[in-house]
Structures are given as structure tokens and as C-alpha cells.
1. Under the classification rounded if a/c is under 1.5, otherwise prolate if a/b is larger than b/c and oblate if not, where does region 291-395 fall, given a ≥ b ≥ c as square roots of the Cα gyration tensor eigenvalues?
2. Taking a probe of 1.4 Å, how large is the accessible area per residue of region 25-98, in Å²?
3. Over region 191-285, what percent of the accessible surface lies on carbon and sulfur atoms, probe 1.4 Å?
4. Would region 144-268 count as rounded, prolate or oblate if I go by the C-alpha gyration tensor, calling it rounded below 1.5 in a/c and otherwise prolate when a/b exceeds b/c, oblate otherwise?
5. Counting only other residues whose beta carbon sits under 9 Å from that of Ile350, what net charge do I get with K and R as +1, D and E as -1?
6. Under a 1.4 Å probe, what is the accessible area of region 286-395 per residue, stated in Å²?
7. Cut-off 10 angstrom, C-alpha nodes, Gaussian network model of the chain. Which of Arg271, Arg307, Arg375 fluctuates the most?
8. Would you look at the GNM of the chain, springs on alpha carbons closer than 10 Å, and say which of Lys103, Lys54, Lys283 moves the most?
Amino acid sequence: MTTLRVAMIGYGFMGAAHSQGWRTAPRMFDLPAEPEMAVIVGRNADSVADAAHKWGWAESATDWREVIARDDIDVVDIVTPGDSHAEIAIAALEAGKHVLCEKPLGNTVAEAEAMAEAAERAAAEGIRAMVGFTYRRVPAVTFLRNLIAEGAVGAVTQVRASYRQDWLVDPDMPLAWRLQKEHAGSGALGDIGAHAIDLAQFVTGLNLEKVSGTIDTIVKERPLLDSGSGLSGTAGTGYGQVTVDDIAIFTGRFESGALGSFEASRFATGRKNALQIEVSGDKGALVFDLEDLNSVQFYDRTAPADRQGFRKILVTEAEHPYVSGWWPAGHMLGYEHGFSHQVKDLVEGIVGGTDPHPTFADGLRVQRVLDAVERSSVNDSAWTSVAAGVPAQVS
């Protein structure tokens, strides 16, 4: 069997999640190639060595450029903050490596455009690139997308999508890199709002054409970070400015004319990881909630009036997407399983010679929406074109 030797750049929260995917996917799925966790890269030699030991990587390194240049590396997995995505991904693609890059694709549209162009050039040489919008691979989400494509809700008329968390409600939460524009690009909008945008476009098969939005920073100054782990951290001395948004709310018009409403917030008190989407059509509606991730809610408007109402479909049967690789019916999957499904699809794409979704072009499409929301917010929430970079006329 072909071996794909993987180098992962970065080792924070997403490093742990991606490691789970690389480690578990070849044990649970019959992959056409064997991923090998060859090397993990980080700036701190001791910390990255500890991560390698904990998560199962064969070795650790501190220079990503040297690792990318190695002939024995086939795949580069990028889980660093957004400010380094473009440089690493383009270098890896130009070196002939397949690339998996965490979302959002870049910190700016210009970076995302350069990355998409590099991926297009690499694809001509058989090199594949994919963005880590992992929630596409929750079985219930893929199943929901399939139902919509089959016509279960009819013509889509409205989409409601939100991603709400509350980990920043405490004003003493320290100033981590996710709160600094130079590292993160944007705040709640790009970090979690990007997932809501991608999910809406993925499940409906429709792209957003224009948006009207508002973003705001609730706590504008926070204690400087002393040490951090995942989304938590310990404060040091002094304070620094928060330079990204805490909340983003916007409406959007899809290319079909359907309307969407979106919210991304880190100040939704009581909401821990609430990614929700509801798609309404002229024949029915579908709902997904990440905090109940093994099911979808389906409303069939064509049913007799005395039998209408949302019904819960448990997405744990072998016939459902990805589920056959796991447990008997009714045995639940969790957050981490999407990362194994991501590895499965990437490996199959590489070996099969097809572009695994979402492509860098898909990532660029989301980046354009993020940019349009920011431009709309500074222009009194005027309707703003996603593609053209100028305010759009309201239709």
C-alpha cells in the first residue's frame, strides 16, 4: 500500500484535533493509502516534542521550511494562526506537497486569492489542496445536504445560520492571538462565522451574492496573556487592545434570490459551541444543531395536515454518510469524528486524482463573504457585493 508521510505545522487546539484524525482514520476506514504521522512542527522545541509524544508523531522539528523541503514528506497539514497560512501553504504547494489548511483560508482576500491560484497551478501537476471546514463532515450535516439536493425541502427560500459561544463573556479572559487582527484576521466573524457561512453554502449548493452586516467589539481591552491552552489562558501583567470583532450579525442574499440571516458571537451567554442551521423551502424544512450532532429535524409540508410537525431523524445508520466505518446503529459519534472523515476524504482524493472538497476556491469564496461583511459594517451596513468589492444595489 502507498504511504503518505504527513507533516503537521502547528500544535495547538487544532493540532490535537487533526492528530486524532490522522491517527484514527486508517484504523476505522479502508483507505487507499496509509497516512504516516511523520513530523510535527512548532516554534518551541520542548513543547512540540511533548506534543509529538502525546499525539503520536514520529518526530518533531522547529523549522517548517526545512520540513517542507524534505523529499520524504507528501502532505502538509497547516494548523497555525491565520497570519501564516498563505506563506506556508503556497510554499508547500510549490514544493509539490498536498496541503490541508485550517479555515479561514487566509487573513485577507488577497492572501486567499494567492493561495487559490497556487492550488490551481498545483492541481495541474496532480497536487491536491483542501480547507478544513470540518463540520461539513459531521454525518448529519452531509445527510442534510443530501436531502436538500434530493428536493426534500423543495426550492430554498430562507436560511438561518448561527455559531454562538460564550468563552469571552468574562472581561478578564486574557488577550490570546485570536483577539489580535494581525494574527487572526478577524474575530468571531472569521473564526466561527466562517463555519456558518460555509455550512449555508455547502448544504444549499447556493452562494451568497451580497450582504448587509454589523460587527462590534464588546470588550475592547483585555489582560495580556501569560500562558494559554486551547481557548483558555492565564493573564499576565498589563493590558492590550482587542483588535477584532466579538460579534457579527448580517443578512445575505443568495444567488437564487433566497435570503439568509447569520450570527457569529463569542458573547452568547450560556452557549458553549452552538452551531445551528435551518433551511426553509416551499416543501419543507431541515434543522441541524451541533449540540445535538447525531440528528437532524425534518418538517415535511407535503404530509397530511394532521401529521405535520418537525420530526427527529437519528443519523446513526450504516446508510448515513461515514457512519458505516464506526459503530452499530444508535451508537453516537462526537466532535472528533469529523477530523477522521476529513482525512478519509483527503486521502481518497489524493489517490483518486480528484479535488477533495472544500477546495481552496471554496475557501476563497468564504473569505470574500467575510470581507464583504466587514466592508458593509464600516459603510453603515450598506448592502455590499461579495464579488466586486463595492456596495451592491438592493433588489
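The values are calculated or read from the model by the stated rules, or taken from the named source; none is laboratory data. From a predicted model like this one, the values you see are computed outputs, not experimental measurements. Note: ideal-geometry Cβ built from the backbone for every residue, glycine included; neighbour counts use all protein chains shown. The area values use the complete protein model at the heavy-atom level, side chains included, leaving out ligands, DNA and RNA. Shrake-Rupley method; radii C 1.70, N 1.55, O 1.52, S 1.80 Å.
1. Working: a/c = 2.76, a/b = 1.35, b/c = 2.04.
It is oblate, given that a/c is not under 1.5 and a/b is not larger than b/c.
2. Numbers: 3430 Å² over 74 residues.
Spelled out: the 1.4 Å probe surface of region 25-98, per residue, equals 46 Å².
3. On the way: 1860 of 3790 Å².
On region 191-285, the fraction of accessible area on carbon and sulfur atoms equals 49 percent.
4. Numbers: a/c = 3.33, a/b = 2.53, b/c = 1.32.
Note, shape of region 144-268 comes out prolate.
5. Working: positive: Arg128; negative: Asp74, Glu348.
Once all neighbours under 9 Å are counted, the net charge is -1.
6. Details: 5380 Å² over 110 residues.
Per residue, region 286-395 has an accessible area of 49 Å².
7. Per the Cα network of the chain with a 10 Å cutoff, Arg307 tops the list.
8. Fluctuation is largest for Lys54.
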